[in-house]
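Peer 1: The structure's right below; bear with me while I get my questions together.
The values are calculated or read from the model by the stated rules, or taken from the named source; none is laboratory data. Please read these numbers as outputs of a predicted model, since none were measured by experiment. When we count neighbours, we look across all protein chains shown, and the Cβ atoms used for this are built from the backbone with ideal geometry, even at glycine. We work out accessible area using only protein heavy atoms, side chains counted, and drop any ligands, DNA or RNA first. Shrake-Rupley method; radii C 1.70, N 1.55, O 1.52, S 1.80 Å.
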Amino acid sequence: MTTFDKLSKSGNIDLHTHTIYSDGALTPKELVEKAKEAGLGAISISDHENTNGIDEALRVGKKLKVEIIPAVEITTYPTPEKEHHILGYFVDYKDKKFQKELEKIREIREEKSKKVIKNLNDLGFQINFGDLKSMVSGTIVAPHIAWSVINDMENKEKLKEDFGEIPNTGEFIRKYLIPGAPAYEKRKAMTPKEAIDLIHSVGGVAVLAHPCWTIAKKEGNELVFDDKEFEEVVKVGIDGVEVLAHRETQEDTKKCVDHFSTLAKKCKLVVTGGSDFHGFGSAGKDLGYTDFYLKVPYSILDDLKKLKNDQ
Ligand SMILES: [Zn+2]
Ligand SMILES: [Zn+2]
């Protein structure tokens, strides 16, 4: 075993992060440096429909001895009202056909962002597509839009009226941008099956991201799980589930982790985990969950690699 193996194949990891190539605040280099500082053995770069940050992360990771797992996160719609994010790990991201597919999704996403911004303007919020586009290196997604509205002084009064105080990005997204919310726009996009098939076509392992947000709903104080919906994603070929993901509180997170661990076992799915780190707002937790009780041990990555090798 080399020193590199000894150093990297231990400690905690984070299999869900974003860089400036989607809606993260850090460059791949900054992200890997932060992982090193946090003592993480491995991280995965999983930008939305974009793999442009992976090469830089691999270069820096090699130097700093942080293992980098190439990945992608694809937004899918099983039905127009539902949204599931599918993570693809160990994808052959240099494949030309794969890149073409991602590009197609990015174009559709941009059209959708324009419509969402128009809806927000109609609702009285100040936000401009051109301004936002010039600030973003990758795809414009919900956290960008939320961040832009919240940080525009001209929206301050309206936000205070609406929320009682200035909301964080997560709160704004949940009130305005999720399916069924007033500024939400449907878009033509992949079904979970299409995304899973695409990931498999380039040798990847397909994992259902943060089911604690999409399969679990908060009704009053209760978390309600839609196991039937979960089974639909299992039926179309998902390989794993991001069990180690977070909800707003420790208590709800624990309930979700328990629930989805049980389902993963029952459906024979690999278990993964990550903070969904973005680097600003509250769309995710801090890198490696250093700010939260939940941790993702390196053994999770061993299981993922084993599945990849068995495929
Ligand atoms: Zn996601
Ligand atoms: Zn994400």
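Peer 1: Working only within the range 258-293, note down all residues that are part of a loop (DSSP other than H, G, I, E, B), in contact with a helix residue (DSSP H, G or I) (Cβ under 6 Å, 6 or more places away or on another chain) and under 18 Å from residue 207 (Cβ atoms).
Peer 2: Residues satisfying the conditions are 267, 275.
Peer 1: Still on this model: Any chance the range 137-147 includes a residue that's out of contact with any His (no Cβ under 9 Å at 6 or more places or on another chain) and part of a loop (DSSP other than H, G, I, E, B)?
Peer 2: Yes, the range 137-147 has at least one match.
Peer 1: Give the residues of the range 73-82 that are within 12 Å of ligand 2 (Cβ to nearest atom) and either hydrophobic (A, V, I, L, M, F, W, C) or more than 19 Å from residue 287 (Cβ to Cβ) (or both), sorted by residue number.
Peer 2: 74, 75
Peer 1: Still on this structure, please answer the following. Cβ-Cβ distance below 6 Å, separation of 6 or more or different chains: which pairs start in the range 153-164 with a residue that is assigned by TED's automatic domain parsing to the domain that holds residue 123 and end on one that is in a helix (DSSP H, G or I)?
Peer 2: These pairs meet every condition: 155/149.
Peer 1: Shifting gears a bit: Restrict the check to the range 149-157 and report whether at least one residue is crowded, with 23+ Cβ neighbours inside 10 Å and in a helix (DSSP H, G or I).
Peer 2: yes
Peer 1: Follow-up question, since we're still on this one. Have a look at 196, 173, 166 and point out the one that is among the hydrophobic types (A, V, I, L, M, F, W, C) and assigned to a loop (DSSP other than H, G, I, E, B).
Peer 2: 166
Peer 1: Checking the condition touching a residue at least 24 places away in the same chain (Cβ under 8 Å), away from ligand 2 (no atom under 16 Å from the Cβ), among the charged types (D, E, K, R) and assigned to a helix (DSSP H, G or I), which residue from 232, 251 passes?
Peer 2: Unique residue meeting the criteria: 232.
Peer 1: Follow-up question, since we're still on this one. So in the range 46-72, with the set limited to residues that are aliphatic (A, V, I, L, M) and either more than 11 Å from ligand 2 (Cβ to nearest atom) or open to solvent by 10 Å² or more (accessible area, probe 1.4 Å) (or both), which one is farthest from residue 207 (Cα to Cα)?
Peer 2: 64
Peer 1: Sticking with this structure for a sec: Looking at the range 259-276 only, could you name the residues that are open to solvent by less than 10 Å² (accessible area, probe 1.4 Å) and within 16 Å of ligand 1 (Cβ to nearest atom)?
Peer 2: Once the filter is applied, which keeps residues that are open to solvent by less than 10 Å² (accessible area, probe 1.4 Å) and within 16 Å of ligand 1 (Cβ to nearest atom), the range 259-276 yields 260, 272, 273, 274, 275.
Peer 1: Can you tell me which residue within the range 78-102, out of those that are within 13 Å of ligand 1 (Cβ to nearest atom) and over 14 Å from residue 43 (Cβ atoms), is most open to solvent (accessible area, probe 1.4 Å)?
Peer 2: Only one residue fits best here, namely 83.
Peer 1: Can you tell me which of (1) surrounded by 19 or more Cβ atoms within 10 Å (Cβ to Cβ); (2) among the hydrophobic types (A, V, I, L, M, F, W, C); (3) more than 26 Å from residue 190 (Cα to Cα) is the one residue 208 doesn't meet?
Peer 2: Residue 208 satisfies all of (1) surrounded by 19 or more Cβ atoms within 10 Å (Cβ to Cβ); (2) among the hydrophobic types (A, V, I, L, M, F, W, C); (3) more than 26 Å from residue 190 (Cα to Cα) except (3).
Peer 1: So is residue 198 within 20 Å of residue 278 (Cβ to Cβ), of a type outside the set (Asp, Glu) and surrounded by 15 or more Cβ atoms within 10 Å (Cβ to Cβ) or not?
Peer 2: no
Peer 1: May I pose another question? Quick one: in the range 201-211, which of the residues that are within 18 Å of residue 232 (Cα to Cα) and of a type outside the set (Gly, Ala, Ser) is nearest to ligand 2 (Cβ to nearest atom)?
Peer 2: The selected residue is 210.
Peer 1: Moving to a separate point now. Within the range 290-297, is there a residue that is β-branched (Val, Ile, Thr), farther than 18 Å from residue 45 by Cα and either in the same structural domain as residue 27 (by TED's automatic domain parsing) or touching a Lys or Arg at 6+ places or on another chain (Cβ under 8 Å) (or both)?
Peer 2: No, that holds for no residue.
Peer 1: Could you say which residue among 75, 17 is within 16 Å of ligand 1 (Cβ to nearest atom), under 19 Å from the mean Cα position of the chain (by Cα), crowded, with 24+ Cβ neighbours inside 10 Å and β-branched (Val, Ile, Thr)?
Peer 2: On inspection, the qualifying residue turns out to be 17.
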